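The values are calculated or read from the model by the stated rules, or taken from the named source; none is laboratory data. On a predicted model such as this, the values are computed, not experimentally measured, just so you know. Every residue, glycine as well, gets a Cβ built from its backbone with ideal geometry; the counts of neighbours run over all protein chains shown.
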Amino acid sequence: MKRTQNFVTLLLPFLALAVFILSTDPYSLPLSLLLVPFLLIGVGCFRATREFLRMTPISRRKGSLIAGVLASIILLSVVLQSIKQLYIKDFLILVAFLVGMTLYMRRIDV
């Protein structure tokens, strides 16, 4: 039962994203609703990464931190690509910034 519940909560953001994209027209949506797909992508990537990291011998806190960083990299890359501003140098700067922030947060024990 627990495994089925985890699987459903893992797929729920991606299913909601598919339903949202198939049922709306992005040209007629207000700006605030255009952010919904990006939030669903971020939540889905975070949950998927966290579930995959639970299979490794990493503590829960470190797993959540790594999942947050990876989800942030993916989400910010998608946002930059959607506005046609994603180049390799931007991606490398983004990764370096998020790795630096992760090291800083580990250092101060947040």
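What to note about this one:
- Checking each residue of region 71-80 against the condition of being of a type in the set (S, T, N, Q), modelled with pLDDT of 85 or more and either closer than 27 Å to P13 by Cα or not in a helix (DSSP H, G or I) (or both) gives at least one match.
- Residues in region 81-106 that are hydroxyl-bearing (S, T, Y) and within 17 Å of the chain's Cα centre (by Cα) were compared, and the one that is modelled with the lowest pLDDT is T102.
- Residue match in region 46-53 (condition: out of contact with any Lys or Arg (no Cβ under 7 Å at 6 or more places or on another chain), within 19 Å of L12 (Cβ to Cβ) and touching a residue at least 40 places away in the same chain (Cβ under 8 Å)): yes
- Listed by position, the helices (runs of 4 or more DSSP H) enclosed by region 1-64 that each have at least 2 residues that are crowded, with 16+ Cβ neighbours inside 10 Å and under 17 Å from the mean Cα position of the chain (by Cα) are 2-23, 36-53.
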